[in-house]
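Just so it is clear, none of the values below were taken in a lab; they were calculated from the coordinates. Remember, predicted model here, so these are calculated numbers, not experimental data. We place every Cβ from the backbone using ideal geometry, glycine too, and count neighbours over all the protein chains shown.
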Amino acid sequence: MIILETERLLLRPWRPEDFEAFATYLEEERWAKFIGGPCGRSEAWRRFAAIVGHWVLRGYGFWALEEKQTGDFVGSAGLWFPEGWPELEVGYWLMPEKHGRGYATEAAAKSRSYAFQVMKRDTLVSYIAPDNQASIAVALRLGAVHEETIELDRCGVHRVYRHPRPDGGFLKP
């Protein structure tokens, strides 16, 4: 797996010890509702394995986020394109105690740059539930524009926020 750095974060491979924080996050409805819904440890393990497996199958995926200064697990950000998804997505979520520090914007911007500059992708979106105001705010800070609303495979209604290319333009697939 690729390791990326920002000013304050390491975007790094997942480690077995990250599972505890991940499983705890998925137990709580108000946080987990935006990443597949709340679940117990058994289902959390399957989701954890899917994230790690995405790297094996696609060569990219969600990174674990680590605060450089403290070594704390912060959350996750990266690129997601599972079977059935309309196109490549940049996504992000943070542990509740790490909200409000700009980490999601920082990590999503780095992930987006990787998609456009290293992977040479022409398009990138974020699929965001209409009531996920925090994620919408991140997408808007990154210059993404609301394009349409779709029914996302087994995830319900989501807004499509299209991210600008490095040249400032927007392309559709």
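Taking only the alpha carbons of the range 17-116, we obtain Rg and Dmax values of 13.2, 38 Å in that order. Residues 33, 98, 172, arranged from fewest to most other Cβ atoms within 10 angstrom of their Cβ, appear as 172, 33, 98.
Only helices enter this figure: runs of n ≥ 4 DSSP H residues, each worth -39500 (n - 2.57), summed and divided by the residues of the chain, yield -8500 deg cm²/dmol at 222 nm to the nearest 500. For the chain, the Cβ-based charge dipole about the Cα centre amounts to some 360 debye (Lys, Arg positive; Asp, Glu negative; other atoms uncharged).
Considering Cα pairs under 8 angstrom that are at least six residues apart, work out the relative contact order of the range 3-78 and quote it in whole percent.
33
Fewest first, what order do 70, 6, 24 take by the number of other Cβ atoms within 10 Å?
Working: 70 9, 6 18, 24 15.
With the sparsest Cβ surroundings first, the list reads 70, 24, 6.
Semi-axis lengths, largest first, of the ellipsoid equivalent to the chain are 23, 19, 16 Å, with √(5λ) applied to each eigenvalue of the Cα gyration tensor. According to the Kirkwood expression over distinct Cα-Cα pairs, how big is the hydrodynamic radius of the range 103-173, in Å? Evaluated over the range 103-173, this radius sits at 12.5 Å. Each peptide in 147-157, 12-22, 132-142 gets a packing score, the mean of other Cβ atoms within 10 Å over its residues, and the list from highest to lowest is 132-142, 12-22, 147-157.
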